[in-house]
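I am attaching a structure below and will ask some questions about it afterwards.
Any read-out appearing in this document is the output of simple, stated calculations on the displayed coordinates, not a laboratory observation. Small disclaimer: the values here were computed from a predicted structure and weren't measured. Cβ placement follows ideal geometry from the backbone for every residue including glycine, while neighbour counts extend to all protein chains displayed.
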Amino acid sequence: MKNIAVIGAGTMGNGIAHTFAQFDYNVQLIDVSQKALDKGIATITKNLGRMVAKEKISEEDKKKTLANITTYTSIKEGVKYASLVVEAATENLVLKSKIFRELDEVCAKDTILATNTSSISITQIAAETNRADKVIGMHFMNPVPVMKLVEIIRGYNTSDEVTNFIVDLSKKIQKTPVEVNDYPGFVANRILMPMINESIETLYNGVAGVAEIDTVMKLGMAHPMGPLQLADFIGLDVCLSILNVMHTGFKNPKYAPCPLLVNMVMAGKLGVKSGEGFYDYSENKKAEEITKMFS
């Protein structure tokens, strides 16, 4: 397996493409927008440059990694030779279902289809295809080139062969794969998102301010960043989407998103990506500082 296609050039997609390319895989990075692809490549180039500056890789490694990535605006063309496709589109079931139906039609019959979903049922996504045994969850953590964990989620029909293959592949790119079962939120977000949501509730109820809540969690619980700052980094729209998936999936009110989170997303305050969330990123360097924490 040398050809790996990645669907989506956003934060997760370009990070996944970067990681595979760095380990000498041929990566086909696919997005509907050439602008998004250009931005994704620019991000990868910047992150590789930072690694060169820190002497983690050489300038030659940087050039080789970038040469391993080819961009496409057509799924059909991009996945033509792929042995594995990793979908990293927006956390939206309708969109992911559409993508997997198309992938099932245009990919070779033995191509493995993985999704980077952080909460949506693998079994439900696999049901959109005629190859449920070859559909699996491969949930990377952000920022992908740095974070070691990959949640491996097998759907109801995912084969042992495919699961074992993806576990081995994760190790080859120096990640630590952890197998979890197919339930809403899996493990990482089932634990993380209620904590973030409760932090937002704490703010909403006037118990403490943003900086105070984050400081308590950083200094008292040894978290590298506070939950509200982390929510900004993840994207408040992504947090809301994951909470909605868990709330719908479990029918349990404890997963209901805080009204403050809902209102902020409706107002377009999505965190780092929009320039404002619980913190203001428009006139300072907080966004860059957060990125450097993980570099």
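Fewest Cβ neighbours within 10 Å first, please rank 280, 237 accordingly.
280, 237
If the cut-off is 18 Å between C-alpha atoms, which aspartates and glutamates fall inside it for residue 109, apart from same-chain ones fewer than 8 positions away?
77, 87, 128, 133, 160, 161
Count charges around residue 139 for me, please; just the other residues with Cβ under 14 Å from its Cβ, Lys/Arg as +1, Asp/Glu as -1.
0
Per residue, how much space in cubic angstrom lies within the convex hull of the C-alpha atoms of the range 130-273?
133 Å³
Follow-up question, since we're still on this one. So which trypsin sites (Lys or Arg not before Pro) in the range 159-268 pass both tests, a DSSP loop state and at most 16 other Cβ atoms within 10 Å of the Cβ?
Those that pass, being in a loop and sparsely packed, are 251.
Turning to a different aspect of this structure: When only DSSP loop residues count, what GluC sites (Glu not before Pro) in the range 7-61 have their Cβ near at most 15 other Cβ atoms within 10 Å?
Within the range 7-61, the qualifying GluC sites (Glu not before Pro) (loop, at most 15 other Cβ atoms within 10 Å) are 55.
Same structure again: Calculate the dipole size of the chain relative to its Cα centre from +1 charges on Lys and Arg beta carbons and -1 charges on Asp and Glu beta carbons; express the result in debye to the nearest 20.
400 debye
Please rank 30, 191, 99, fewest neighbouring Cβ atoms within 10 Å first, as an exposure proxy.
191, 99, 30
Which net charge results for the neighbourhood of residue 172, defined as the other residues with beta-carbon distances under 14 angstrom from its beta-carbon, given Lys and Arg at +1 and Asp and Glu at -1?
Taking every Cβ under 14 Å from that of residue 172, the sum is +2.
Tell me what the chain gives for mean residue ellipticity at 222 nm when only DSSP H runs of n ≥ 4 count, each as -39,500 (n - 2.57), the sum divided by the residue total, rounded to 500 deg cm²/dmol.
Calculated from helices alone, the mean residue ellipticity at 222 nm is -15000 deg cm²/dmol.
A further question follows. Test of understanding: express the Cα radius of gyration of the range 199-282 as a ratio to 2.2 N^0.38 Å, with N the residue count.
It is 1.08.
Lysines near residue 46 by alpha-carbon distance under 19 Å, same-chain residues fewer than 8 away left out - which ones?
Those lysines meeting the cut-off are 35, 54, 56, 62, 63, 64, 273, 285, 286, 292.
Counting other Cβ atoms within 10 Å, which trypsin sites (Lys or Arg not before Pro) in the range 129-163 have at most 15 and lie in a DSSP loop?
When the trypsin sites (Lys or Arg not before Pro) of the range 129-163 are filtered for loop state and at most 15 Cβ neighbours within 10 Å, 148 remain.
To continue, here is another question. Just add up the charged neighbours of residue 238: K/R +1, D/E -1, any other residue whose Cβ is under 14 Å from the Cβ of residue 238.
Neighbour charge sum, excluding residue 238 itself: 0.
To the nearest 10 degrees, how steeply does helix 210-221 sit against the main Cα axis of the chain, on a 0 to 90 scale?
Around 70 degrees separate the two axes.
Sticking with this one: Viscosity 0.692 mPa s, temperature 37 °C: give me the Stokes-Einstein translational D for the chain in µm²/s, with Rh taken as the Kirkwood radius over C-alpha pairs.
Rounded, D is 167 µm²/s.
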